[in-house]
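The structure appears right after this line, and notes come after that.
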Amino acid sequence: MLRFVLLLALAVDVHAAAAAVDIDTAAAVYQDAAIREQVRASLGAMPQQIRRLFEGDSAAKLNAEQLAAVTAAAKRGFRIDVFEAPALSVFASNLDPATVKKTEAFLSSDVGKRMVAADVAVSSMDQGEIDKVMNGETTAPTTPQREAIFDKLERASRSTESAVQIFLSMDTAVAVGTAVGSGTDPGPVEERSQKAGEESRAALEENMRKPLRRYLAYGYRDLSDADLKHVLAFLESTAGKRYVSAYIASMNAGFDAMGRRCGEQLGESLRELAQAQLATTQREGAPQPDAPAPKN
């Protein structure tokens, strides 16, 4: 799977009746898929992305000091140590021994190893390079046949739906965390955020599908058509479908945890700034003591 903002989503179609696996088994798959490296590579861009969420919110109208608090909170919240515990727990609970066996077989194959290497390489691109790829300024050689394969790969990996879901889930997590950190009731905040997300979901998916296919095609540009068909065959298999569901459920849990931590930190910071501003206003508005009377 490619960088989290492109391939993550709320898990669906998880077969709860099958036995889960232990954390150590899930961690082995997590390591072989190089998930830590991919997630860690994405975290450096998160403070700026979270700041943009607030800068684009006309209702928030944060000043420079408050926006600086947003950046600082994102740096404290979006860390690999905050991500990994919930992500691995959910990953383990959504896998089963049969899926692990077939997934490990794929990941250890030549094509699987080269796919993972491509995932790691593309996750390490800076945001400027990613923007050029998604805007179509930087492209990889292609053919109609190859485009058709990428269309199937995008759907099998649920990249568009997952990218939108992780964005909406993270937005809600930050909002809820901010409410908790500031000492206000998170219930109405969560309800409003989820409602707004559902209203915008279809438009977001429509706008993101083509850029995400470009990103997918560029990330796997060194894989042959035969390689891509091998990847697709795994993703469309029963084990592959369950792996994708477990993977994106895991990512959703990890980024939700980071979003909430970021929001809690931000809520506390905004509350402290408001208290400091109130204290300053009260001092400036207080009557000044009378000047001492001159001595005779």
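The values are calculated or read from the model by the stated rules, or taken from the named source; none is laboratory data. It should be emphasised that the depicted structure is a prediction, and the values quoted were computed from it without experimental measurement. Heads up, the Cβs are rebuilt from the backbone with ideal geometry, glycines too, and the neighbour counts pull from every protein chain shown.
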Practice item. Report yes if some residue within region 91-114 is assigned to a helix (DSSP H, G or I), touching a helix residue (DSSP H, G or I) at 6+ places or on another chain (Cβ under 6 Å) and closer than 23 Å to Met258 by Cα; otherwise report no. Key: yes
Check your understanding: Got at least one residue in region 157-169 being crowded, with 18+ Cβ neighbours inside 10 Å, in contact (Cβ under 8 Å) with a residue 60 or more places away in the chain, among the basic types (Lys, Arg) and closer than 24 Å to Ala249 by Cα?
Key -> yes
Practice item. Among the candidates Ser193, Ser269, Ser250, Ser224, single out the residue that is hydroxyl-bearing (Ser, Thr, Tyr) and surrounded by fewer than 19 Cβ atoms within 10 Å (Cβ to Cβ). Key: Ser224
Study note, to complete from the structure: Those residues of region 178-191 that are touching a residue at least 12 places away in the same chain (Cβ under 8 Å) and either assigned to a helix (DSSP H, G or I) or hydrophobic (A, V, I, L, M, F, W, C) (or both) come to a total of 7
Review point. Quick one: Lys210 ticks every box in (1) part of a helix (DSSP H, G or I); (2) under 24 Å from Arg36 (Cα atoms); (3) of a type in the set (D, E, K, R) bar one, so which box is it?
Key: (2)
Exercise for review: Go through region 193-210 and give me each residue that's closer than 20 Å to Phe255 by Cβ and of a type outside the set (Gly, Ala, Ser).
Suggested key: Gln194, Glu198, Arg201, Leu204, Glu205, Met208
**Study point:** Selected residue (criterion: nearest to Tyr220 (Cα to Cα)) from residues of region 144-164 that are under 14 Å from the mean Cα position of the chain (by Cα) and among the hydrophobic types (A, V, I, L, M, F, W, C)
**Key:** Ala163
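Conditions (1) in contact (Cβ under 8 Å) with a residue 60 or more places away in the chain; (2) more than 30 Å from Glu65 (Cα to Cα), marked per residue:
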residue	(1), (2)
Arg209	no, yes
Phe234	yes, yes
Tyr247	yes, yes
Arg261	yes, no
Gln265	yes, no
Leu270	yes, no
Practice item. Could you tell me whether Ala175 is farther than 23 Å from Leu88 by Cα and either more than 16 Å from the chain's Cα centre (by Cα) or in contact (Cβ under 8 Å) with a residue 12 or more places away in the chain (or both)? Key: yes
Check your understanding: Counting just the residues of region 122-134 that are in a helix (DSSP H, G or I) and under 19 Å from Met251 (Cα atoms), which one comes out farthest from the chain's Cα centre (by Cα)?
Key -> Val122
Check your understanding: Restricting attention to region 28-49, which residues are assigned to a helix (DSSP H, G or I) and of a type in the set (Gly, Ala, Ser)?
Key -> Ala28, Ala41, Ser42
Check your understanding: Within region 272-284, is there a residue that is under 24 Å from Val116 (Cβ atoms), surrounded by 15 or more Cβ atoms within 10 Å (Cβ to Cβ) and modelled with pLDDT of 80 or more?
Key -> no
**Study point:** Every pair of residues 6+ apart whose Cβ atoms lie under 7 Å, when the first sits in region 98-118 and is touching a residue at least 40 places away in the same chain (Cβ under 8 Å) while the second is of a type in the set (Gly, Ala, Ser) and outside any helix (DSSP H, G or I)
**Key:** Leu107/Ala33; Val116/Ala33; Val116/Ala34
Practice item. Could you tell me whether Leu228 is at pLDDT below 95 and within 28 Å of the chain's Cα centre (by Cα)? Key: no
Exercise for review: Out of the residues in region 120-167 that are of a type in the set (Val, Ile, Thr) and farther than 11 Å from Arg214 by Cβ, state the one that is modelled with the lowest pLDDT.
Suggested key: Ile166
Point to revise | In region 123-142, the residues that are over 21 Å from Ala41 (Cβ atoms) and of a type outside the set (Val, Ile, Thr) | key: Gly136, Glu137, Pro141
